[in-house]
Every structure is written in structure tokens, then in C-alpha cells.
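A.B. asks: Here it is: the structure, laid out below.
The values are calculated or read from the model by the stated rules, or taken from the named source; none is laboratory data. Predicted, not measured: the structure shown is a model, and the values here were computed from it. Virtual Cβ from ideal backbone geometry, glycine too; neighbours counted across all protein chains shown.
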Amino acid sequence: MNSTLIQMTMLMACGAVWRMLMPGGLSAEQTRLVLTTVVYYLLLPSLVLDVLWTADIGLQSVQYTLLGMGSIAFSMLCIWVVGVLFKIDNRRLGALLLAVFPNVTYLGLPVLEQVFGGWARSVVIQMDLFAAAPFLFTFGIMVVQRYGDDAVNHNKPVWRYLNAPPFWAAAVAVLFNLNSLVAPDWLSGVLHKLSAAVVPLMLFSLWLALSWRAVTMRNIPYVLPVILVKMLLMPLFALFLTRYLTIEDHHKAAAVLDLAMPSMILGIVFCDRYRLDSGLYAMTVTVTTVLSLIALPFWYKVTIFSFDLP
């Protein structure tokens, strides 16, 4: 696990160096926009199609949905209780509620694939497309609409957020999978090559999106509850839920570790759109990502011990 995190950190450090040096005059924001657009519209859909086309889809997919949505809902409830007790204003509370959504793909995919092996890609993709993303684009959007302020997008139906390339790729892959269609060798080769670029570009782009300028003393009291809930209570609750699931133990371990990932970066887009506290959210992402270098090895050992894995 430590070796894996060192490799991940080195790739992310390349993004940090790019942010400082700006080769070719390209800023971190410009570079990140181009890379994440390519990943979102081409590489990630290719990965989804490649993985889900041959994945074991069935009852275990439903269990991933229950595990992911249940853990995120529990964490949001914890943050909401803290917000009510300490009377946190709506703009900050909305950002904190959004911050409990884990970075299941952009960081979870490279970490789990390196730690557990290629089979873990299926766990990550299903946790994202069957649990985290649908929950974010439905209940999550309703929450930020409640605590935010955006007259233009306020009445946009939440289901329209599911109209995205990864979801279309998932729908096609599941359709082909359930009908036992076999991909021709040339297509499998293309999908494999496109999929191989996802991990390094995700890690490189991740640090391009982080900035220590967002870290301020006044936000520390608001970030602490997210650190506690996101990096301790959520994976602990997920570990508890796995007792009632029938999926294999090594898949349970991968799913729990995926939910232990730091706050997702995508949330900054919703904070800007719905006028939540973007600075607070950016600080939460930065701090939880750095702390994950300590938290993830801990939860890896916990899951290995809990499921008695070699």
C-alpha cells in the first residue's frame, strides 16, 4: 500500500510542478480543463465500456448501490446534525454536505487497481455509476439547491444531470453484457489502450485542481467535522454495512476502501453554480486529499484484517 501511494503521490506531484512552472505558458486551470474534458468525454466512457461489458453484473451491483448510497446518506446526516447544532449558515453547510461525497473514481480507481489488481476496476466503476454518481446527481443536487442560490438552474430537473457520457457508456455496456455480446478483438484493443490513459491523467489532473491558497485559518472549524465524518465514520459505517452483504470479501474490502477516499473535486463545480462557499469546499478537498495519504493505509490494514485477506 505504501509503495502504491508513493507512486500516486509522484504522479500528483507532477501536477503540482506544472502548476508552479506553467510550461508553454499554460496555467494549471487551462491544462486541467483540457485534460479533464478529454477524460470525461472520451477516456472514461471507454474505460466504463471496457470494464462493464465483461463485468459480473447482477445482485452484487445492487449491493454496491445500497452500500454506496447508504454510507453517503449516513455521512450527510452526520454533517447536517453538526450544522444544525452549531448553526452553520446555509452556504457553508451546503458545501460541507457536498464534501462527504468520496473521490471514488479519480483517486479510487488508481489506488484500488494498484493495491488489489485489475479486477478492482469493476468495483470502482460500479460504486461510481451505480451508487455515488446517481446519488450525487439526484439527492445531492436537491440538497445544494436547498442550501444554495441559483435562479437559472434551480428548476432544472435532476434527472437531466444523468445525461452524461459515462452514463451512456454504462447503459450500452450493461446492455451488451446482459445480452452476452462479445466485443471484437480490434474494439477490445482500442478500449484497452484508451482506458490505460485514464489513471495517469486523473492523478496528474487531481493536483492541478488543488491549491493551498484555499487553506485558511477561519475555515478550519468547519473542515474538522468533514475530516471526522469523511475519513473515519463513513468507512466505519460502510464496514458495518458489509456484514449484511453477500458479495465476496475482497470485493467488500475494495468497496470500503473506495468509500474512504477524500472529498471529490467535482463538487467545486456545484458550489460555484449554486453559490455555496467554494473556498471552504476547495480547502476541504485539499486537506482531505493530503490526509488520505495517512488514512488510506490505515483503512487498507483495517479491511484486510476485518475480512481476513492475505
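A.B. asks: Looking at region 39-54, is at least one residue over 21 Å from the mean Cα position of the chain (by Cα), within 17 Å of Leu241 (Cβ to Cβ) and either among the hydrophobic types (A, V, I, L, M, F, W, C) or not in a helix (DSSP H, G or I) (or both)?
C.D. replies: Scanning region 39-54, I find no residue that is over 21 Å from the mean Cα position of the chain (by Cα), within 17 Å of Leu241 (Cβ to Cβ) and either among the hydrophobic types (A, V, I, L, M, F, W, C) or not in a helix (DSSP H, G or I) (or both), so the answer is no.
A.B. asks: Another one. In region 46-72, how many residues are crowded, with 17+ Cβ neighbours inside 10 Å, more than 13 Å from Leu129 (Cβ to Cβ) and of a type in the set (Ser, Thr, Tyr)?
C.D. replies: Adding up the residues that qualify gives 2.
A.B. asks: If you take the residues of region 84-133 that are among the polar types (S, T, N, Q), in contact with a helix residue (DSSP H, G or I) (Cβ under 7 Å, 6 or more places away or on another chain) and surrounded by 24 or more Cβ atoms within 10 Å (Cβ to Cβ), which of them is modelled with the lowest pLDDT?
C.D. replies: So the residue we want is Thr105.
A.B. asks: Run Asp185 past the list (1) modelled with pLDDT under 85; (2) surrounded by fewer than 12 Cβ atoms within 10 Å (Cβ to Cβ); (3) not β-branched (Val, Ile, Thr) and report the number of the one that doesn't hold.
C.D. replies: (1)
A.B. asks: Evaluate the following for Val215: is it crowded, with 18+ Cβ neighbours inside 10 Å, touching a residue at least 40 places away in the same chain (Cβ under 8 Å), of a type in the set (A, V, I, L, M, F, W, C) and within 30 Å of Ala282 (Cβ to Cβ)?
C.D. replies: When the stated conditions are applied, Val215 does not pass them.
A.B. asks: In addition: Go through region 265-304 and give me each residue that's of a type in the set (Ser, Thr, Tyr) and more than 19 Å from Val143 (Cα to Cα).
C.D. replies: Thr286, Thr288, Thr289, Ser292, Tyr300, Thr303
A.B. asks: Restricting attention to region 40-63, and to residues there that are among the aromatic types (Phe, Trp, Tyr) and out of contact with any Leu (no Cβ under 9 Å at 6 or more places or on another chain), which single residue is nearest to Ile265 (Cα to Cα)?
C.D. replies: The qualifying residue nearest to Ile265 (Cα to Cα) is Tyr40.
A.B. asks: Confirm whether Phe240 is out of contact with any helix residue (DSSP H, G or I) (no Cβ under 6 Å at 6 or more places or on another chain) and assigned to a helix (DSSP H, G or I).
C.D. replies: yes
A.B. asks: Another question, then. Please work out which residue is modelled with the highest pLDDT, limiting yourself to region 32-69 and to residues that are of a type outside the set (A, V, I, L, M) and out of contact with any helix residue (DSSP H, G or I) (no Cβ under 6 Å at 6 or more places or on another chain).
C.D. replies: That would be Gln63.
A.B. asks: Something else about it: In a helix (DSSP H, G or I), more than 30 Å from Leu233 (Cβ to Cβ) and either among the hydrophobic types (A, V, I, L, M, F, W, C) or in contact with a strand residue (DSSP E or B) (Cβ under 9 Å, 6 or more places away or on another chain) (or both), is that true of Met69?
C.D. replies: no
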